[in-house]
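Report on one structure; see the data block that follows.
Each reported figure results from applying straightforward, stated rules to the coordinates on display, with no laboratory input. Just so it is clear, the model here is predicted, and its values are computed rather than measured. A quick note on method: Cβ atoms are made from the backbone with ideal geometry, for glycine too, and the neighbour counts reach across all protein chains shown.
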């Protein structure tokens with residue numbers, strides 16, 4: 001009996017982990033390619049772009065804010081890197097500039113949401129749309145192809161010891177840093193505090209505007225970093241680049257809010273969420289299911305996750321977004 | 001004396017909110033034509049009781065008998081229809097509508113599919129004539145432009161428009177100027193005599209209840225402590241029933257060692273405040289007292305840097321604080337505990353430990369990464385000193401009772417040296433034990449030469465705790481009462 005309780009206690013709030021495990025088993029049985037080294041490597045590479053975006057979105061959502069624009073920001077920055085590399089600019093300089101560009105993007109959203117106080121949904125729908133418009137304007141709706149030096153692909157396609165993608169190492173590094181920042185640093189505690197009760201935060205001397213602003217800047221930095229990996233991998237600039245990540249990343253935040261700190265978006269949950277979603281996405285492809293099923297599954301997962309939270313928890317736990 | 005008809009009675013009513021038992025095994029009896037006073041401290045369960053009677057809360061167990069029938073209301077609308085109307089402490093009015101529209105909200109007069117505004121004004125006029133509490137009331141004025149007193153009048157007229165058999169009034173005079181309060185009391189007595197209307201009257205002003213009630217029921221911690229009839233009204237006895245102690249024993253001894261001036265605010269002018277100056281000494285509790293909206297909260301929040309003010313200065317330890325802002329004040333050891341702990345104090349998703357350490361994270365834990373072990377150690381130590389009742393320092397703050405939540409908020413600030421503690425109505429809705437703990441902690445701070453600015457909404461509390469009192473009215477300081485001039489008459493004279 002005691003043993004039983006022990007297992008239940010371990011499983012408590014770890015539903016996602018169990019689900020991921022079961023799914024991996026399921027896909028391994030139904031598809032013999034799923035566990036092949038090349039496929040694993042492929043999944044890992046995909047996760048590094050969406051995973052870093054998920055880290056950024058989680059930081060913003062813990063505050064009670066939101067962002068819908070990161071997908072098109074990714075597309076625009078990708079185009080920007082490739083166009084200048086084509087003109088002969090140094091790849092590493094462009095990568096650094098893309099990260100700066102990401103931070104500026106975060107600043108734009110922060111000014112609109114935090115300073116001008118436009119609701120995050122409204123502000124970032126606007127920046128999202130505008131940004132996508134710029135991409136179409138710049139490359140006329142076509143995919144941009146340009147010259148690039150061969151070594152440019154090392155970050156996005158390179159591996160060490162044969163199968164470990166360099167991009168995954170970057171993602172794991174970013175995940176560890178953001179996790180420690182959010183869960184163990186004072187800044188991180190302040191982000192959760194602002195998300196939990198922004199008024200109370202002001203009364204203890206936390207400048208909630210500054211915290212929210214900084215979170216958007218950090219998210220921008222992470223958008224920039226994921227663009228670097230994406231450009232290095234794609235080496236082309238489709239007009240729709242970044243769109244595919246949008247819903248996966250948003251779904252990961254909601255799915256992540258069902259574990260560890262139920263009812264609250266949290267970094268650990270988001271990481272697990274993006275892993276799980278990427279596995280599902282890949283598994284469906286391996287099973288030969290048409291790609292559009294991915295959107296149906298993502299929608300169902302968002303509804304499922306949020307229903308789970310709202311049925312399990314009482315309201316007013318944290319940010320209003322859930 | 002002939003026995004009167006019992007109009008309503010309750011047997012063994014119980015109502016809990018989570019771990020808080022708001023009403024416990026409560027029996028009361030109201031006879032037709034009574035004006036029954038209902039008194040008790042904040043958190044004694046008075047409001048919960050009337051909300052049960054008025055159908056706003058479901059009861060957990062027990063029985064209500066009304067007009068010889070056992071009833072259980074499905075909604076407040078049903079109770080209202082059957083003749084039980086509540087006049088709430090904070091008027092429940094739609095601010096954008098005018099008085100007449102508010103009075104007939106939910107039972108509008110129509111002509112075809114359109115509202116008949118003329119009729120609603122006419123009917124409201126009739127109502128005002130029938131119940132002349134405040135005949136000059138402008139029925140076409142939007143509620144948002146009305147004074148607190150006018151709003152109260154609209155709320156009462158709204159209740160009377162239902163022709164209630166029992167009228168329940170929850171502190172109707174709390175925000176009224178003295179003359180309006182007196183005319184209201186007169187009208188209530190009139191209504192009772194002429195129309196035999198039964199009433200339940202909640203008030204913190206005991207003199208009022210003596211004036212109009214024929215009996216008074218005392219509640220304490222959710223229980224019915226007893227009832228006095230008008231021939232036995234006695235203030236000391238009543239207070240003793242309310243707090244289970246003589247007043248002199250309930251509050252700790254006042255300060256005997258008042259030192260130099262610690263913090264002063266001089267000539268503060270803001271939207272609400274007009275040329276307000278106050279100061280607090282070492283080892284002193286300074287009370288601020290006034291009606292709701294008189295500006296006490298605005299004053300302390302201005303000092304704390306949360307609200308802007310146009311002119312004036314804040315001086316701490318003889319040095320002017322140039323740009324008062326919360327982190328600056330915290331840096332100087334000047335802390336504010338806000339009035340509404342749920343809205344402005346607690347982090348609901350945090351643990352007890354995280355709620356305690358949040359205010360002083362940077363100074364307590366200089367290293368980059370926080371460690372839960374160290375945090376818990378610090379939090380546990382402070383929790384013990386506060387006499388906090390909790391199961392696990394990592395449990396959710398929401399699982400604690402109101403009093404213990406408030407102690408957590410106090411504990412949060414005492415982790416580091418505190419010079420001035422500003423407390424804004426710290427004992428609202430918390431039990432007597434926690435209240436005494438908080439009083440004790442404040443006096444302990446005093447004995448370490450700390451200064452305290454204490455706002456209270458309870459006159460007994462401010463009299464019991466303060467060494468000196470500033471009374472406020474509409475944004476100005478009306479009087480400064482030294483220790484030997486602190487009494488109820490002097491305070492009431494200056495706030496109304």
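Miscellaneous remarks
- What the Cβ-Cβ distance of residue A:300 and residue A:176 gives, at R0 = 41 Å and to the nearest 0.05, is a FRET efficiency of 0.85.
- Rounded to 5, the percent of DSSP beta bridges in the protein assembly as shown classed as antiparallel: 60
- Pairwise FRET efficiency - residue B:417 versus residue B:392, Cβ, R0 = 35 Å, nearest 0.05: 0.80
- Residue exposure proxy: B:231, B:117, B:150, ordered by other Cβ atoms within 10 angstrom of their Cβ from fewest to most, comes out as B:231, B:117, B:150.
- Dimensionless Rg ratio for chain B, taking C-alpha atoms and the 2.2 N^0.38 Å reference: 1.05
- Approximate spin-label separation residue A:93-residue A:40, in nm, with each point projected 7 Å along Cα-to-Cβ: 4.1
- Sum of -39500 (n - 2.57) over DSSP H runs of 4+, divided by residues of the protein assembly as shown (222 nm, nearest 500): -15000 deg cm²/dmol
- Cα gyration tensor shape for the stretch B:250-495, rounded if a/c is under 1.5, else prolate or oblate: prolate
- Nearest-ten-degree value, helix B:178-195 long axis tilted from longest Cα axis of chain B: 30
- Chain lengthening between residue B:315 and residue B:147 when straightened (0.36 nm per residue, less Cα-Cα): 57.0 nm
- Computed from the C-beta positions of residue B:227 and residue B:16, the FRET efficiency with R₀ = 22 Å rounds to 0.40.
- Shape call, the stretch B:6-244: gyration tensor on alpha carbons, a/c limit 1.5: prolate
- Length-normalised contact order for the stretch B:371-496 - Cα pairs under 8 Å, 6+ apart - percent: 17
- Label-point separation, residue B:190 to residue B:78 (7 Å along Cα→Cβ), nm: 3.6
- Whole-number percent relative contact order across chain B, with pairs defined as alpha carbons under 8 Å at least 6 apart: 15
- Full extension of the chain between residue B:107 and residue B:373 gives 89.7 nm of extra length, using 0.36 nm per residue less the Cα-Cα distance.
- For A:177-184, mean number of other protein chain Cβ atoms within 10 Å: 2
- Cα-projected label distance for residue B:479 with residue B:117, points at 7 Å along beta-carbon direction, nm: 4.6
- Per residue, the convex hull volume that the Cα atoms of the protein assembly as shown enclose (Å³): 224
- Remark: A:131, B:213 ranked as A:131, B:213, counting other beta-carbon atoms within 10 Å and listing the fewest first.
- With the cut-off at under 13 Å, measuring from each backbone N in the stretch A:135-167 to a point 7 Å along the Cα-to-Cβ line of residue A:86 picks out A:136-148.
- Panel order for A:159, A:248, by other beta carbons found within 10 Å of each beta carbon, from fewest to most: A:159, A:248.
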